[in-house]
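K.L.:
Handing you this structure, nothing more for now.
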Amino acid sequence: MSLRIVVCVKYVPDATGDRHFADDLTVDRDDVDGLLSELDEYAVEQALQIADEADDAEITVLTVGPEDAKDALRKALSMGADKAVHVEDDDLHGTDVMGTSLVLAKAIEQTGYDLVITGMASTDGTMGVLPAILAERLGVPQVTLLSEVSVEDGVVKGRRDGDSASEQLEASLPAVVSVTDQSGEARYPSFKGIMAAKKKPVQSLDLDDLGIDADEVGLEGSWTQVDSATERPARTAGSILKDEGEGGKQLAEFLAGQKFI
Amino acid sequence: MAEVLVYVDHVDGAVRKPTLELLTLARRIGEPVAVALGNGAEATAEVLAEHGAVKVLTADAPEFADYLVVPKVDALQAAYEAVSAGGSLAAVLVPSSAEAKEIAARLAVRIGSGIITDAVDLEAGQEGPVATQAVFAASYTTKSRVSKGTPVITVKPNSAPVEAAPAAGAVEALTVSFGEKSTGTKVVSRTPRESTGRPELTEAAIVVSGGRGVNGAENFHVIEELADSLGAPSALARRRRRRLVPALQPGRPDRQVGLPAAVHRLRHLRRDPAPGRHADLEDDRRRQQGRRGPDLRPRRLRRGRRPLHGRPAADRRGQGPQGLTCASLAAPQSAGAVW
């Protein structure tokens, strides 16, 4: 039987751009160029490698986001994914992690899956908890933060490098997997891949298709509230020490003055 | 007085520093009730009591070590139910370690509560605890609160001082029944991380970070020596795509710092790409972009750093009499301490 892999990806504002908040304190996604989250590229890469090993596999990339989020799907398709699902609805604006995970879980169930792969976090929200929440919502094992992953005979295995120990994990499919940036370099799309991606199917879904009420998501349906966002004041210039043989001493004095040592 | 549930991060009974910081924050909101799970749980009670825990709920079972995350969620949920049944539970506080965050998130779904992650400060507010977060690589500070259910908040290390505040710290055994999903992910083997004897990078107040400015792996020892003299961990400033890593492996830095922001949980991060320059990653990238003018590539091909046409001047590398090359400091409490 074919192995159905769903890769969840996010369209995020470019970290090299001037990221800021909109008036309603949501992340401004209009004025800043967006792209496929770098951390999600690792998820797509691992999905492609798992699919290569499997006899028969189909990779679906899934995203929740505005119109522009199609760019992220195209990127993933050009890397080699087979098809894409885009959940798009005006009511989704301002959704928090709980709402997003609900939408993703419904969309994943509707698409059908044996394996869900995500990145370790998004590069904008950087919460890193969505994979765990997805596993909770789907009621399947979570095999998260893997630096190495493989799938064999319906069992997913991987290595998780934690703060205090490195663990070998094992779970039977279906399962939710998240991979870290240590899992292996993501490939660049080939020209052929980019051309082929244009012909690959992108399915659009809205909240009605998923049977989700508008008040369960969005800014109003969010379970958290942002009260204020303040920009960091411009940093004052540091002092540059010129080393004329006494640099070490000056450095030590500076550190002592700042109570570092 | 309202109670605050505090999840204890410990290794075989040795409580990690972020948990003690959490107790300081918890005391601003209510009376801390600690939850310690797994091997050595009861041994944590003494130090937790010294730092303000009025009660320590403990549970130990082989499931905690043999299966990933879910058994601990079951236990924390049992603690939540036990405490919230007794009266007012103001919040559930959890350290922002990778595993604890996942536990917090799954608990939040189960109890129908909102979650805030990676807070750097916490104070009591009219409508529940207000969490401060540093977002977009710390270029913005936000204040948020949970608007539904019992607030579940994870807090980054170094967000508050560790304060002694002796309290009763009565140990109570927690009864946990594991759900059928708890054995889904098996931990087949576990290899403890080799200790360098330096503080954990994620918990350190000072980090000494070096990059290509040291001009090769064989010179990385200068970073290590400075780190040791400051009692700080050393780190490797990472170029995108990890070009430096293989070259610097022999130097064995404690961990890499740099993009992506998600992998390190320091409040402030500074790195010095070459001697004489100071910038955090964001500023550095932005400046380079400005210097090279607008990116003219088609939007969909635009990603990350553009190829560098000019390499940094060789004479800037590996300089400095008295054995000093580049090093930069991340100091949460003192802005401008970077040179």
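K.L.:
Out of the range A:17-63, which residues are within 14 Å of chain B (Cβ to nearest Cβ) and within 15 Å of the chain's Cα centre (by Cα)?
P.N.:
A:34, A:35, A:36, A:37, A:38, A:39, A:40, A:41, A:42, A:43, A:44, A:45
K.L.:
For residues that are among the acidic types (Asp, Glu), assigned to a loop (DSSP other than H, G, I, E, B) and surrounded by fewer than 21 Cβ atoms within 10 Å (Cβ to Cβ), tally how many sit in the range A:78-132.
P.N.:
The total comes to 3.
Results for (1) in contact (Cβ under 8 Å) with a residue 12 or more places away in the chain; (2) under 28 Å from residue B:181 (Cα atoms); (3) more than 13 Å from chain B (Cβ to nearest Cβ); (4) surrounded by fewer than 18 Cβ atoms within 10 Å (Cβ to Cβ), shown as yes or no for each residue.
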site: A:134; (1), (2), (3), (4): yes, yes, no, no
site: A:139; (1), (2), (3), (4): no, yes, no, yes
site: A:145; (1), (2), (3), (4): yes, yes, no, no
site: A:154; (1), (2), (3), (4): yes, yes, yes, yes
site: A:159; (1), (2), (3), (4): yes, yes, no, no
site: A:177; (1), (2), (3), (4): yes, yes, no, no
site: A:183; (1), (2), (3), (4): yes, yes, no, no
site: A:222; (1), (2), (3), (4): yes, yes, no, no
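K.L.:
Something else about it: Would you confirm whether any residue within the range A:64-87 is under 22 Å from residue B:102 (Cα atoms), of a type outside the set (Lys, Arg) and touching a helix residue (DSSP H, G or I) at 6+ places or on another chain (Cβ under 8 Å)?
P.N.:
Scanning the range A:64-87, I find at least one residue that is under 22 Å from residue B:102 (Cα atoms), of a type outside the set (Lys, Arg) and touching a helix residue (DSSP H, G or I) at 6+ places or on another chain (Cβ under 8 Å), so the answer is yes.
K.L.:
How many of the residues in the range A:224-251 are more than 9 Å from chain B (Cβ to nearest Cβ) and within 18 Å of residue B:208 (Cα to Cα)?
P.N.:
Going through the range A:224-251 one residue at a time, the tally reaches 1.
K.L.:
Looking at B:154, B:150, B:191 in this structure, which one is within 29 Å of residue A:146 (Cβ to Cβ), within 14 Å of chain A (Cβ to nearest Cβ) and touching a helix residue (DSSP H, G or I) at 6+ places or on another chain (Cβ under 9 Å)?
P.N.:
B:154
K.L.:
Let me ask something additional. From the set of residues in the range A:225-261 that are hydroxyl-bearing (Ser, Thr, Tyr) and modelled with pLDDT under 85, which is farthest from residue B:134 (Cα to Cα)?
P.N.:
A:239
K.L.:
Continuing with this model, one more query. Could you tell me whether the range B:121-130 includes any residue that is surrounded by 18 or more Cβ atoms within 10 Å (Cβ to Cβ), within 8 Å of chain A (Cβ to nearest Cβ) and over 21 Å from residue B:205 (Cβ atoms)?
P.N.:
yes
K.L.:
Taking the range B:60-98 as the region of interest, how many residues are touching a Gly at 6+ places or on another chain (Cβ under 8 Å), farther than 18 Å from residue B:108 by Cβ and not in a loop (DSSP other than H, G, I, E, B)?
P.N.:
Total satisfying the criteria: 3.
K.L.:
While we're on this one: Can you pull out the residues in the range A:51-66 that are charged (D, E, K, R) and either touching a strand residue (DSSP E or B) at 6+ places or on another chain (Cβ under 9 Å) or on the phi > 0 side of the Ramachandran plot (or both)?
P.N.:
Answer for the range A:51-66, where residues must be charged (D, E, K, R) and either touching a strand residue (DSSP E or B) at 6+ places or on another chain (Cβ under 9 Å) or on the phi > 0 side of the Ramachandran plot (or both): A:53, A:55, A:56, A:58.
K.L.:
So which residues in the range B:109-136 are part of a strand (DSSP E or B) and either on the phi > 0 side of the Ramachandran plot or not assigned by TED's automatic domain parsing to the domain that holds residue B:84 (or both), if there are any at all?
P.N.:
Matches in the range B:109-136: B:118 only.
K.L.:
Further question on the same structure: Among the residues of the range B:148-177 satisfying the criterion of being crowded, with 16+ Cβ neighbours inside 10 Å, among the small types (Gly, Ala, Ser) and in contact with a strand residue (DSSP E or B) (Cβ under 6 Å, 6 or more places away or on another chain), which is nearest to residue B:75 (Cα to Cα)?
P.N.:
B:169
The values are calculated or read from the model by the stated rules, or taken from the named source; none is laboratory data. Since the structure is predicted, the reported quantities are computational estimates derived from the model, not experimental observations. Every residue, glycine among them, receives a Cβ derived from its backbone with ideal geometry; neighbour counts consider all protein chains shown.
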